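**Q** A single structure is presented below for examination.
The values are calculated or read from the model by the stated rules, or taken from the named source; none is laboratory data. The structure displayed is predicted, hence computed values, not measured ones. Note: ideal-geometry Cβ built from the backbone for every residue, glycine included; neighbour counts use all protein chains shown. The area values use the complete protein model at the heavy-atom level, side chains included, leaving out ligands, DNA and RNA. Shrake-Rupley method; radii C 1.70, N 1.55, O 1.52, S 1.80 Å.
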Amino acid sequence: MLRVRNPQLNKHGELVHLLSTEGLSKALLTQILDTAANFVSVSDREVKKVPLLRGKSVFNLFFENSTRTRTTFEIAATRLSADVINLDISRSSAAKGESLLDTIANLSAMAADIFVVRHSESGAPYLIAQHVAPHVHVINAGDGRHAHPTQGLLDMYTIRHYKKDFSNLTVAIVGDVLHSRVARSDIHALTTLGCPEVRVVGPKTLVPTDLAPMGVRVCHTLEEGIKGADVVIMLRLQNERMSGALLPSSQEFFQSFGLTPEKLAWAKPDAIVMHPGPINRGVEIDSAVVDGGQSVILPQVTFGIAVRMAVMGIVAGNEA
């Protein structure tokens, strides 16, 4: 049987693009997390820069709106001493009808080294990765409902930081799993890193039917889903990706699946609460939980800069 090489890796098994957490080995995921650990302290320095990407150009191509992800990629690239170019795609040639690959070809001619791509179409970063020169690297900053690998990696970093080890953890991923690229990236990373119990929690209309092969336990009540959990990852309710009447109302969703201090008591006393942001307070999660002692939502953002520095540093050091 012909084995197809993972498009993220070169012939030596080194990471040259980051397109998904799916298909990455435990060793590669651990390499990224360990590298990120070395970059966390850069934020505490008086001069918050290292010269790893000096002379390199990072192009942020966000075909979908984003504040947090784009900003943390920009900060990460700047701290690595790269030249950062943010493109306003809504006013670019792509908005005038130019094809995605023509846009990439023209930007490549401007000596791009790394493309950070967010796109509403699943698979767009893969298509770009297939058509760039061997020295150009593509990082997926979220594609459709498919994947958001750097968010998945910063979630893994956060979990490892607070819980040290994945081998005895119960992790619950709660909410709009159907539309969540974060959930998929988290599930692939958690199972690869050896987490023994990954639960997916939500109403039947917002949980895909094909999750069992991914090694997760599906729960349709919040109590069952987070009971005894070490980590609770709340997902954003993605109204912009919903079609049809998948939910009666956001208030009803909050009543059944919104995380309040009372419901959080079902989890372990030292459970941590995470959220990829932006947060809809009073819809997925109560403000008392967001601002409470078990919330690690703001540290996630801080760790995200170090994780994105690690990913850019690793791919830039490898040739396709």
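**Q** Give, as a single signed number, the net charge of other residues whose beta carbon lies under 12 Å from the beta carbon of M309, with Lys and Arg counted +1 and Asp and Glu -1. Each step should come with its number before you reach the end.
**A** Values: positive: K48, K49, R79, R308; negative: E74.
With Lys, Arg at +1 and Asp, Glu at -1, the net is +3.
**Q** Here is a further query. Which log10 I(q)/I(0) values does the chain give at q = 0.15 Å⁻¹ under the Debye formula, counting every alpha carbon as one identical point scatterer?
**A** Log10 I(q)/I(0), no solvent term: -1.23.
**Q** What is the Cα centroid distance between region 290-320 and region 23-71, reported in whole angstrom?
**A** Centre-to-centre distance over Cα atoms comes out at 7 Å.
**Q** Still on this structure: Based on alpha-carbon centroids, what's the gap between region 189-218 and region 126-178 in Å, whole number please?
**A** Distance between centres, Cα-based: 15 Å.
**Q** Heavy-atom accessible area per residue, region 271-320, 1.4 Å probe: how many Å²?
**A** Each residue of region 271-320 exposes 32 Å² on average to a 1.4 Å probe.
**Q** Could I ask something else about it? Return the loop-located trypsin sites (Lys or Arg not before Pro) in region 138-196 (DSSP other than H, G, I, E, B) with at most 13 other Cβ atoms within 10 Å of their own Cβ; answer none if there are none.
**A** On the way: sites: R145, R160, K163, K164, R181, R184; in loops: R145, K164.
Taking region 138-196 and a limit of 13 other Cβ atoms within 10 Å, the loop trypsin sites (Lys or Arg not before Pro) found are K164.
**Q** From the mean inverse distance of alpha carbon pairs (Kirkwood) and the Cα radius of gyration, derive Rg over Rh for region 56-156. Can you show the working numbers first?
**A** On the way: Rg = 12.7 Å, Rh = 13.7 Å.
Ratio of gyration radius to Kirkwood radius: 0.93.
**Q** OK, next. Only Cα pairs within less than 10 Å get springs; with that Gaussian network setup on the chain, which residue of A82, A37, A109 has the largest fluctuation?
**A** Of A82, A37, A109, the most mobile in the Gaussian network model is A109.
**Q** With n ≥ 4 as the cut-off for DSSP H runs, can you work out [θ] at 222 nm for the chain, using -39500 (n - 2.57) per run divided by the number of residues, rounded to the nearest 500?
**A** -10000 deg cm²/dmol
**Q** If you don't mind, there's one more thing I want to ask. Would you work out what percent of the accessible area of the chain, with all protein chains in place, is carbon or sulfur (probe 1.4 Å)? Provide the component values of the computation, followed by the final result.
**A** Details: 7090 of 13990 Å².
After summing per-atom areas, the C and S share lands at 51 percent.
**Q** Among the DSSP beta bridges whose two residues both lie in the chain, what percent are antiparallel, rounded to the nearest 5? Present the calculation step by step, with values, prior to reporting the outcome.
**A** Numbers: 2 of 36 bridges.
Within the chain, antiparallel bridges account for around 5 percent of the total.
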